[in-house]
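What follows is a set of notes on a single structure, which appears directly below.
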Amino acid sequence: MGGSELLQFVISGLKNGSIYALVSLGFTIVYASTGVINFAQGEFYMLGGMFSVWAFATFGLPLWLAAIVGILLTAATGILFELLAIRPRKDGDQLSLIIITIGGSLLLSSLARHLFGPDELAIPAFTSGPSVRVFGAAIERQTLWIWGLTITAVVILNWVYNKTKLGRALRACAINRDAARLVGVDTRLIVTVSFALAAALGGLAGLSVAPLTQTAFDAGARVGVKGFAAAILGGLGNPIAAVAGGLMLGLIESMSIAYLSSTYKDAISLLVLLLVLFVRPQGLFSRSRREKV
């Protein structure tokens, strides 16, 4: 394999890894504030693309405005999901809440099928033109958008977490929700905000990749599994680790295609997930913690 071919696989891996990173961040944000793994995160990815296509095709909105509408509607769906499905059982055990998120995922997928139809849909690329050539490898312009949007989302999220009152409240809930409530943090609001942020990140991932892969009502399940695997790989509950896990998983998948076969591409995520759970369940970039009694 030549250098340009290897670089092409690396570019593809980083493109997919950026999508997994955004979905993984959604898992991490919700888990940090609630202790619950939200298996509906993949459907937020699907809805981001579907809402954007709907706004673009139905109302003839400019592409940039349709994308914003898609993100806002997906975030609103995340808020409704928390209010209607999670909050009524907020005092339930984690297994019950996880089952609720799985049921919610199936419901959202079914509703999307009835609302938008069973066919694959797509929106135009954000920027038209030929691919950019780098050392013999081609980078699609939409890939540059995916990277740019991912970096922008991570930078903004980092600023929110470290420089704003909301971010301090989110971090307080992640450390100890009961203690945060005692010092005046509205934990119910923070949980709702975390679902909105997670949904918006998933929606951003879905709409940014829709010009390349198209989207459909059943597009969320596969990406949701990979986003969860990326979160586990990096370390669930750590946003920076979630991004690193997503990029690593994308590269691992791409290298498996280069040196093995594309047949095993989807199985790689499950294999990575199982290996990490067996060997280092706290993730590659998180330290194991011991509680003192």
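The values are calculated or read from the model by the stated rules, or taken from the named source; none is laboratory data. This one's a predicted model, so the numbers in the text were calculated from it and none came from an experiment. Cβ placement follows ideal geometry from the backbone for every residue including glycine, while neighbour counts extend to all protein chains displayed.
A few remarks follow.
- Criterion applied to L108, L61, L83 was being free of Cβ contacts under 8 Å to residues at least 12 places away in the same chain and out of contact with any Phe, Trp or Tyr (no Cβ under 7 Å at 6 or more places or on another chain), and the one residue passing it is L61.
Condition check ((1) among the charged types (D, E, K, R); (2) in contact with a strand residue (DSSP E or B) (Cβ under 9 Å, 6 or more places away or on another chain); (3) at positive phi) across all residues:
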position: A216; (1), (2), (3): no, yes, no
position: V223; (1), (2), (3): no, no, no
position: K226; (1), (2), (3): yes, no, no
position: I257; (1), (2), (3): no, no, no
position: S269; (1), (2), (3): no, no, no
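- Options F285, F217; residue that is touching a helix residue (DSSP H, G or I) at 6+ places or on another chain (Cβ under 6 Å), modelled with pLDDT under 80 and aromatic (F, W, Y): F285
- Identity of the residue in the range 37-78, within 13 Å of L201 (Cα to Cα), more than 13 Å from the chain's Cα centre (by Cα) and aliphatic (A, V, I, L, M), that ends up surrounded by the most Cβ atoms within 10 Å (Cβ to Cβ): A67
- Flag for G234 being under 13 Å from G26 (Cα atoms), in contact (Cβ under 8 Å) with a residue 40 or more places away in the chain, surrounded by 15 or more Cβ atoms within 10 Å (Cβ to Cβ) and in contact with a helix residue (DSSP H, G or I) (Cβ under 8 Å, 6 or more places away or on another chain): no
- A search for C-beta distances below 6 Å between a residue of the range 207-218 that is surrounded by fewer than 24 Cβ atoms within 10 Å (Cβ to Cβ) and any residue that is of a type in the set (D, E), counting only pairs 6+ apart in sequence or on different chains, returns Q214/E120; A216/E120.
- Near pairs, Cβ below 8 angstrom, 6+ apart or cross-chain, from the range 259-285 (closer than 14 Å to G245 by Cβ and surrounded by 12 or more Cβ atoms within 10 Å (Cβ to Cβ)) to any residue that is among the hydroxyl-bearing types (S, T, Y) and modelled with pLDDT under 80: Q282/S288
- The set of residues in the range 73-111 that are acidic (D, E) and part of a helix (DSSP H, G or I) contains only E82.
- Within the range 14-38, residues that are in contact (Cβ under 8 Å) with a residue 24 or more places away in the chain and within 29 Å of I257 (Cα to Cα) sit with their Cβ atoms under 8 Å from residues that are among the acidic types (D, E) and buried (at least 22 other Cβ atoms within 10 Å of the Cβ), at 6+ positions apart or across chains, in these pairs: N16/E253.
- Wholly enclosed helices (runs of 4 or more DSSP H) of the range 112-185 bearing at least 3 residues buried (at least 17 other Cβ atoms within 10 Å of the Cβ) and polar (S, T, N, Q): 141-163
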